[in-house]
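Computed from the coordinates by the stated procedures, all read-outs in this text should not be read as laboratory data. Just so we're clear, the structure is a prediction, and the values are computed from it rather than from any experiment. Using ideal geometry, Cβ is built from the backbone for each residue, glycine included, and neighbour counts are taken over all protein chains shown.
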Amino acid sequence: DGPHTLQLYGVEGVIGIDAFITQLAPIDRTEAGTIWYVSPFGNDTRSCLTENLSCRTIQATIDKASAGDIIMLRFGTYNAPFIVNKDITINKLGYADTIIDGTGLSTSIVTVNAGVSVTINDLTIQNGTSGTEIDGLRVGGGIYNQGNLTLNNVIVSDNRVQGDNAIGDQGGGRSPAG
């Protein structure tokens with residue numbers, strides 16, 4: 001009877017549904033690339049190919065991944081910016097909150113390079129400040145997107161751009177804002 005697909009967009013108040021779906025309908029590894037794992041308690045020198053051998057930072061995992069791969073973030077808070085330079089998907093693993101927090105950073109939390117397609121699912125991106133400076137303007141406190149970015153059930157909150165050019169600066173949450 002073949003695989004079944006369930007798509008939920010912006011569902012609120014459903015607790016544990018992604019863990020339930022993971023158990024019933026695991027990712028079809030014949031269609032997806034390699035699955036990589038990240039945990040706030042991981043170690044970037046590990047293989048990152050299982051939950052028990054997860055990386056600690058999203059950037060180290062992106063560096064190990066190839067186009068078409070999936071990065072699974074274990075619940076918790078991650079406080080480091082990252083640059084996506086290849087076509088990947090970033091998912092939350094489990095049902096608890098997964099937060100990418102920019103507190104204390106002075107660059108965009110998430111940067112998507114030109115020519116790259118990225119999908120981010122079920123995360124919170126918060127507290128980015130100042131963003132990246134491009135041609136004298138500060139852009140994208142939370143997300144600076146130059147590629148093709150899809151956000152599904154992602155909360156982007158409390159991000160800001162600060163600088164001398166308050167009128168020209170743009171995109172506290174994400175930039176370009178289109």
Exercise. Simple spin-label model, 7 Å along Cα-to-Cβ: residue 43 to residue 150 in nm?
Worked result: 3.6 nm
Problem set entry | Residue-by-residue Karplus 3J(HN,Hα) for the range 97-104, coefficients 6.51, -1.76, 1.60, Hz, glycine and proline x | 5, 10, 10, 10, 10, x, 3, x
Exercise. Using θ = phi - 60° and the Karplus curve 6.51 cos²θ - 1.76 cosθ + 1.60, what whole-Hz ³J(HN,Hα) does each residue of the range 42-53 get, with Gly and Pro shown as x?
Worked result: x, 9, 5, 8, 6, 6, 6, 9, 9, 4, 6, 10
Seminar exercise, completed: Residues whose built amide H sits under 5 Å from the amide H of residue 93, excluding neighbours closer than 5 in sequence, are 73, 74, 75
For this session: Read phi for every residue in the range 124-129 and hand back ³J(HN,Hα) as whole Hz from Karplus 6.51 cos²θ - 1.76 cosθ + 1.60, θ = phi - 60°, with x for Gly and Pro.
Result: 10, 10, 9, 6, x, 9
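How high is the FRET efficiency from residue 53 to residue 79, r the C-beta distance, R0 22 Å, rounded to 0.05?
0.50
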